[in-house]
Amino acid sequence: QDMIMRDDTKTISKRVIDIRNRRNYPIGRARNAPENIASLPEDFVFGKPGNRDRSQSTKMCIHGFSPEDQMPDKDLGVSRLKLKKGVKKHPEDRVFGVPSLRKDIIAPKIKSVADKNNYGDEFGAQDVLYPEQYAFDAVEEKDFLQIRAADEIRKIFAEIGITVTEEEFLSISAEAEKIFGGLSVDSFRTVYNKRKYGIVPQGI
């Protein structure tokens with residue numbers, strides 16, 4: 001039995017094929033140029049012509065001016081504003097502005113988020129990557145070096161379980177003040193460790 005093909009070849013008009021090719025372009029092939037563009041001459045240039053004033057062209061700026069005209073202005077880099085009379089003259093080594101580290105003002109105890117000043121106590125990258133031993137307890141190195149009264153030092157060490165007699169405390173405090181110039185947690189701890197455990201830091 002003969003097989004009946006449903007998709008038999010159909011004959012259509014060439015005009016239909018031309019219209020289809022005109023509207024639908026195969027991938028990778030350029031579109032057909034419209035008639036008004038296809039009829040343009042080969043040397044036709046698109047776009048609007050530039051400025052006809054050749055005196056401002058790049059070539060004229062490089063080669064069209066004399067060496068005298070190419071020299072900088074006489075007042076280049078010189079202030080043209082005249083100071084008012086009676087203005088105080090400052091020494092030549094006077095530096096205006098504010099320093100990057102504001103050591104000229106007292107740093108606040110609690111710094112505001114909106115405070116943009118750097119008082120020299122900000123942490124660097126090393127402190128962020130390798131924080132101090134007690135940084136997570138909000139205790140900084142300056143707290144160990146702060147000069148404190150004898151009663152406060154005794155109370156701090158008593159809170160961590162270190163108790164000494166009155167005579168030992170006065171002796172340690174006197175030696176700490178003599179070596180370090182003041183009584184602080186660090187100085188008292190250093191002298192105490194030297195007497196108790198024989199630990200002597202370098203430089204003492």
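How large is ³J(HN,Hα), in whole Hz, for each residue of the stretch 167-175 in order, when computed from phi with the Karplus curve 6.51 cos²θ - 1.76 cosθ + 1.60 and θ = phi - 60°, using x for Gly and Pro?
Each residue of the stretch 167-175 in turn: 5, 5, 5, 5, 5, 5, 5, 5, 5 Hz.
Compute the helix-to-body angle for 150-159: its Cα long axis versus the longest principal axis of the chain, expressed 0 to 90° and rounded to tens.
70
Whenever you get a sec, compute what percent of the accessible area on the chain sits on carbon and sulfur atoms (1.4 Å probe).
The computed percentage sits at 54.
Using the alpha-carbon atoms, what tilt in degrees (0 to 90, nearest 10) does helix 185-197 show relative to the longest principal axis of the chain?
Roughly 60 degrees between the two axes.
At 222 nm, what helix-only mean residue ellipticity would the chain give, in deg cm²/dmol to the nearest 500, using -39500 (n - 2.57) for each DSSP H run of four or more?
Computed mean residue ellipticity for the chain: -9000 deg cm²/dmol.
Taking the chain as the reference, fit the longest principal axis to its C-alpha atoms, fit the long axis of helix 14-23 to the helix C-alpha atoms, and give the angle between the two in degrees, 0 to 90, nearest 10.
The two axes meet at around 20 degrees.
Mind checking the per residue accessible area of the stretch 157-204 for me, 1.4 Å probe, whole number of Å²?
Computed with neighbouring chains in place, this is 65 Å² per residue.
If you take the beta carbon distance between D75 and N117 as r and set R0 to 41 Å, what does 1/(1 + (r/R0)^6) give as a FRET efficiency, to the nearest 0.05?
For D75 and N117, the calculated efficiency is 0.65.
Could you give the length gained on full extension between E92 and E42, defined as 0.36 nm per residue of separation minus the Cα-Cα distance, in nm?
Full extension of this stretch gives 11.0 nm more.
Label points 7 Å out from Cα along the Cβ direction at K196 and E167: separation in nm?
My value for the distance between the label points is 1.9 nm.
Return the tail of the calculated pair distribution for the chain, meaning the percent of Cα-Cα pairs more than 21 Å apart.
Counting every Cα pair in the chain, those more than 21 Å apart make up 81 percent.
The values are calculated or read from the model by the stated rules, or taken from the named source; none is laboratory data. Note that the coordinates shown come from a computational prediction; the quantities given were computed from them, not determined experimentally. Using ideal geometry, Cβ is built from the backbone for each residue, glycine included, and neighbour counts are taken over all protein chains shown. All accessible areas refer to the heavy atoms of the entire protein, side chains included, with ligands and DNA or RNA removed. Shrake-Rupley method; radii C 1.70, N 1.55, O 1.52, S 1.80 Å.
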